[in-house]
Protein chains: 2
Amino acid sequence: MRIVVLAGGIGGARFLRGLKRAAPDADITVIGNTGDDIHLFGLKVCPDLDTVMYTLGGGINEEQGWGRSDETFHLKQELAEYGVEPQWFGLGDRDFATHIVRTQMLGAGYPLSAVTEALCDRWKPGVRLLPMSDDRVETHVAVEWEGERRAIHFQEYWVRLRASVPAHAVVPVGAEQSKPAPGVLEALAEADVILFPPSNPVVSIGTILAVPGIREAIADAGVPVVGLSPIVGDAPVRGMADKVLAAVGVESSAAAVAEHYGSGLLDGWLVDEVDADSVARVEAAGIRCRAVPLLMTDLDAAARMAGEALTLAEEVRTA
Amino acid sequence: MRIVVLAGGIGGARFLRGLKRAAPDADITVIGNTGDDIHLFGLKVCPDLDTVMYTLGGGINEEQGWGRSDETFHLKQELAEYGVEPQWFGLGDRDFATHIVRTQMLGAGYPLSAVTEALCDRWKPGVRLLPMSDDRVETHVAVEWEGERRAIHFQEYWVRLRASVPAHAVVPVGAEQSKPAPGVLEALAEADVILFPPSNPVVSIGTILAVPGIREAIADAGVPVVGLSPIVGDAPVRGMADKVLAAVGVESSAAAVAEHYGSGLLDGWLVDEVDADSVARVEAAGIRCRAVPLLMTDLDAAARMAGEALTLAEEVRTA
């Protein structure tokens, strides 16, 4: 079975770990969000790709969900001693190595997809990890901050400001001119199932869908497309997805996110049991819906969620 | 008193620390060797400048004489896990910060002299540290290695091979086309004394002198030029200076190094007491010479050596 998963960071990575257990023989391709990539200290940092790679490769800091295990922060402390900005982004000494290797390879002319493959040669995540695009796409957020309206990098909004200022718009700068990375459209065309993990529907999966050709390839694939709600009981399972949903005019609920994707894209949708009353609303929108436990409290829970998604995909296929 | 010092790495840095104690009110400008600079992992590394900066700024690893105190090597370990070469150069996590800041500033268009000044804003070495040139000069060594004659970067010869293969020539690639960094010729023109610490006469001071204009500015300054022998009892005090001296056809002795500089450049020369019998030979070459203790066993010893150098300079001036 060939499964393609569109993934953001922590939620996507933990879901993928569950999926690998639920479908150990599946051939899994991950299309990773690169809209939250950022250049820091002259280095190219790809937080979502790295979170997937570290999580599946056994190098993640399990507690925080991002960054490396057994990490130190001496380099970052020294940069602060030099007065270098920004100081709000947490790069550890081990993590820096990934960004240095990536930056050096990009500087030598390799596209991000080739660099990601080379990094995965070490981590062996057990999936094929593709960036959504080799082109630079950068998610900016229009905010009101210190009395002014301005557009800032997503990471500045998310990490520095903790989404604490009003967001008026989310713009994947460069997406319109970008092309899917090599392998992305092919993987979608050959997929048996396409899954949207409980990643952020705006700044993770939404950004991937903003790359011209990807949304169309999913719709044209003719295979079940099943997603899992990142909203449980009207609040995001983790992170601050409600803030960016508001910015794009979508209410923070499991049903509203399904409607936001729409039946043109989505065939099946899993909501948490606490949102069982929204199943009817989602099905009314033409999307098959089931209520199951959606909290990835551990690997077993994530595997059960992945299993439910595959079961729903099978229901869609045979419907 | 305005003192200009041509300096390499460890020996130069330790001498400078002694000089600051011996002449606390002096205005000291250091012209640092950049011929051993190297690009590693896409980063610009300037070992000699950093050794001077860390030593005088209180951040040096005292035992090894280079690199940072309280250092860890997690980033380097991770680069090795990625299989990235070279693995023979010891960059620590704290040290990496310096190279990242430098590389970012160079990438933004600042010349190395401005970058060095910015780094020294933090370290406050108590001297004005100038790179010999803002242009790229790279010392290569022609060696016989694995049956072949080839030219390798000085660091590869020095750090990787520990000078263990025969060296046939030392070439400061790019020196002929280089210009002294801003402030270098001015500092020499305004100096009251010019000192050559016990740094490597070939790959440290020799490289600085290879930048067109510097040798002439020293000769034209019309002030005492005094050096200290890096060779004590026919062996280098530290390092492997004898290997590169052989490559340029100079015998490994205190007197031979003085003759190599020559009376056109050097007015005074300090040899160690064990080399007292070479004083006559040096003076016969037209260079005033004294035998004094030349082992920088501690800061006091370095200060006494610096004091002896200044005393000899005064003798030259009033002769």
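The residue pairs whose first member lies in the stretch A:8-23 and is open to solvent by less than 20 Å² (accessible area, probe 1.4 Å), whose second member is among the basic types (Lys, Arg), and whose beta carbons are closer than 8 Å, counting only pairs six or more residues apart or on different chains, are A:Gly11/A:Arg238; A:Gly18/A:Arg304.
If the Cβ limit is 8 Å and pairs must be 6+ apart or interchain, which residue in the stretch A:240-261 that is modelled with pLDDT of 90 or more pairs with which residue that is among the charged types (D, E, K, R) and open to solvent by less than 30 Å² (accessible area, probe 1.4 Å)? Final answer for the pair search is A:Ser253/A:Asp275; A:Ala254/A:Asp272; A:Ala254/A:Asp275; A:Ala255/A:Asp275. One residue stands out in the stretch A:59-75 among those that are without any contact (Cβ under 8 Å) to a residue 24 or more places away in the chain and within 14 Å of chain B (Cβ to nearest Cβ): the one that is most open to solvent (accessible area, probe 1.4 Å), namely A:Phe73. If you go through the stretch B:100-144 and keep only what is of a type in the set (A, V, I, L, M), more than 14 Å from every other protein chain (Cβ to nearest Cβ) and buried (at least 20 other Cβ atoms within 10 Å of the Cβ), you end up with B:Leu112, B:Val127, B:Leu129, B:Leu130, B:Met132, B:Val137, B:Val141, B:Val143.
For the subset of the stretch A:83-99 comprising residues that are part of a helix (DSSP H, G or I) and more than 7 Å from chain B (Cβ to nearest Cβ), which member is surrounded by the fewest Cβ atoms within 10 Å (Cβ to Cβ)? Applying the filter and picking the extreme gives A:His99. Against the conditions (1) within 14 Å of another protein chain (Cβ to nearest Cβ); (2) within 22 Å of A:Val141 (Cβ to Cβ); (3) assigned to a loop (DSSP other than H, G, I, E, B), A:His39 satisfies every one except (3).
Quick check on this structure: which one of B:Glu78, B:Glu71 is of a type outside the set (S, T, N, Q) and in a loop (DSSP other than H, G, I, E, B)?
Testing whether each residue is of a type outside the set (S, T, N, Q) and in a loop (DSSP other than H, G, I, E, B) leaves just B:Glu71.
Pairs, please: C-beta under 6 Å, at least 6 apart or cross-chain, first residue buried (at least 23 other Cβ atoms within 10 Å of the Cβ) and in the stretch B:29-55, second aromatic (Phe, Trp, Tyr)? Pairs found: B:Asp36/B:Phe154; B:Thr51/B:Trp66; B:Met53/B:Trp123.
I need the full set of residues from the stretch A:59-77 which are in contact with a Lys or Arg (Cβ under 9 Å, 6 or more places away or on another chain) and of a type outside the set (Lys, Arg), in order please.
Keep residues of the stretch A:59-77 that are in contact with a Lys or Arg (Cβ under 9 Å, 6 or more places away or on another chain), which gives A:59-61, A:65, A:67-72, A:74-75, A:77.
Of everything in the stretch A:59-77, those that are in contact with a Lys or Arg (Cβ under 9 Å, 6 or more places away or on another chain) and of a type outside the set (Lys, Arg) turn out to be A:Gly59, A:Ile60, A:Asn61, A:Gly65, A:Gly67, A:Ser69, A:Asp70, A:Glu71, A:Thr72, A:His74, A:Leu75, A:Gln77.
Applying the selection to the stretch B:224-238, what residues are crowded, with 21+ Cβ neighbours inside 10 Å and assigned to a loop (DSSP other than H, G, I, E, B)? B:Pro224, B:Ser229, B:Pro230 - these are the residues of the stretch B:224-238 that are crowded, with 21+ Cβ neighbours inside 10 Å and assigned to a loop (DSSP other than H, G, I, E, B).
Considering (1) β-branched (Val, Ile, Thr); (2) within 14 Å of chain A (Cβ to nearest Cβ); (3) surrounded by fewer than 24 Cβ atoms within 10 Å (Cβ to Cβ), the lone condition that B:Val173 does not fulfil carries the number (2). Checked against (1) under 19 Å from A:Ala306 (Cα atoms); (2) touching a Pro at 6+ places or on another chain (Cβ under 9 Å), A:Ala210 passes all but a single condition, namely (1). The criterion of being more than 19 Å from the chain's Cα centre (by Cα) and either at the interface with another protein chain (Cβ under 8 Å from one of its Cβ atoms) or within 29 Å of B:Met105 (Cα to Cα) (or both) does not hold for A:Met1. For the stretch B:272-319, a residue qualifies if it is of a type in the set (Gly, Ala, Ser), surrounded by fewer than 16 Cβ atoms within 10 Å (Cβ to Cβ) and touching a residue at least 40 places away in the same chain (Cβ under 8 Å), and exactly one does: B:Ala301.
The values are calculated or read from the model by the stated rules, or taken from the named source; none is laboratory data. Worth saying up front: this structure is predicted, and the values here are computed from it rather than measured. Positions of Cβ are backbone-derived with ideal geometry, glycine not excepted, and every protein chain shown enters the neighbour counts. Side chains are part of the model used for accessible areas, which takes the heavy atoms of the whole protein and leaves out ligands, DNA and RNA. Shrake-Rupley method; radii C 1.70, N 1.55, O 1.52, S 1.80 Å.
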